[in-house]
Amino acid sequence: MSTYIVLLRGVNVGGKNLLPMKALKALLEGAGYLNVQTYIQSGNIVLDAPVHPGDELGSLIKDSFGFEPGIMLFTQDEFAAAVAANPFSGAGNTIHFYFCTTPPHLDTALLESLRASSENYALVGNVFYLHAPDGIGRSKLVAKIESCLGVSATGRNLNTVSKLQLMLDDKP
């Protein structure tokens, strides 16, 4: 039995792709996943499975809710490594993790043209780390992040990543 972290992309945003976490948890438990936990409404899941879930999660959601979200799936070790690799670990809660489906192909010129002078970033493996001390609400870089990365990505703030890591740490 292995533990996986599942990050769903684009659910419950702007009234689209509505996916109630309570119903999702029941669906996953009904499909045989164990110790299913969700965190907030943006599609953060920790679960146990005897084999790698692969594409099954997307099909389950599509069959039950009518859409197939982007899915980022990590083993417990992969997720812990992404947390540990955070180059801005002492910068407080203004850190954002962008988990990418495949290794990004940074468009550095575009990235630099959009980056605010207060924003700093780093790319480690398939994770783009952004330190945005002024917030991301008006960030030009965040608005075009996938264009800069060249791949599909889903973002999580440090609070969410830390909570998911705590959920993993609390597992028996």
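For the stretch 52-71, which residues satisfy the criterion of being of a type in the set (A, V, I, L, M) and under 12 Å from residue 9 (Cα atoms)?
71
Would a scan of the stretch 97-112 turn up a residue that is more than 30 Å from residue 29 (Cα to Cα), touching a Pro at 6+ places or on another chain (Cβ under 9 Å) and of a type in the set (D, E, K, R)?
Going through the stretch 97-112, the residues more than 30 Å from residue 29 (Cα to Cα) turn out to be 103-112.
Keeping just the survivors that are touching a Pro at 6+ places or on another chain (Cβ under 9 Å) gives none.
No, there is no match, as no residue in the stretch 97-112 is more than 30 Å from residue 29 (Cα to Cα), touching a Pro at 6+ places or on another chain (Cβ under 9 Å) and of a type in the set (D, E, K, R).
Does residue 94 satisfy being under 21 Å from residue 146 (Cβ atoms) and touching a Ser or Thr at 6+ places or on another chain (Cβ under 6 Å)? Even if it seems obvious, please write down each step before you answer.
On the way: under 21 Å from residue 146 (Cβ atoms): yes; touching a Ser or Thr at 6+ places or on another chain (Cβ under 6 Å): no.
In short, no.
Here's a check for you: in the stretch 40-69, which residue that is buried (at least 17 other Cβ atoms within 10 Å of the Cβ) and closer than 17 Å to residue 155 by Cβ is farthest from the chain's Cα centre (by Cα)?
Of everything passing the filter in the stretch 40-69, 69 is farthest from the chain's Cα centre (by Cα).
Here's a check for you: in the stretch 99-121, which residue that is touching a residue at least 40 places away in the same chain (Cβ under 8 Å) and not in a loop (DSSP other than H, G, I, E, B) is surrounded by the fewest Cβ atoms within 10 Å (Cβ to Cβ)?
Once the filter is applied, the top-ranked residue is 100.
Would you mention how many residues in the stretch 84-125 are within 14 Å of the chain's Cα centre (by Cα) and at pLDDT below 95?
Count: 3.
With the requirement that a residue be part of a loop (DSSP other than H, G, I, E, B) and in contact with a helix residue (DSSP H, G or I) (Cβ under 8 Å, 6 or more places away or on another chain), what does the stretch 57-85 give you? Don't jump to the end; show me each part of the working.
First pass over the stretch 57-85, keeping only residues part of a loop (DSSP other than H, G, I, E, B): 66-69, 85.
If the condition is that a residue be part of a loop (DSSP other than H, G, I, E, B) and in contact with a helix residue (DSSP H, G or I) (Cβ under 8 Å, 6 or more places away or on another chain), then 67, 68, 69 are the ones that fit.
The values are calculated or read from the model by the stated rules, or taken from the named source; none is laboratory data. As the structure is a computational prediction, the values presented were derived from the model and not from experiment. Cβ coordinates were reconstructed from backbone atoms using ideal geometry, including for glycine residues, and neighbour counts include every protein chain displayed.
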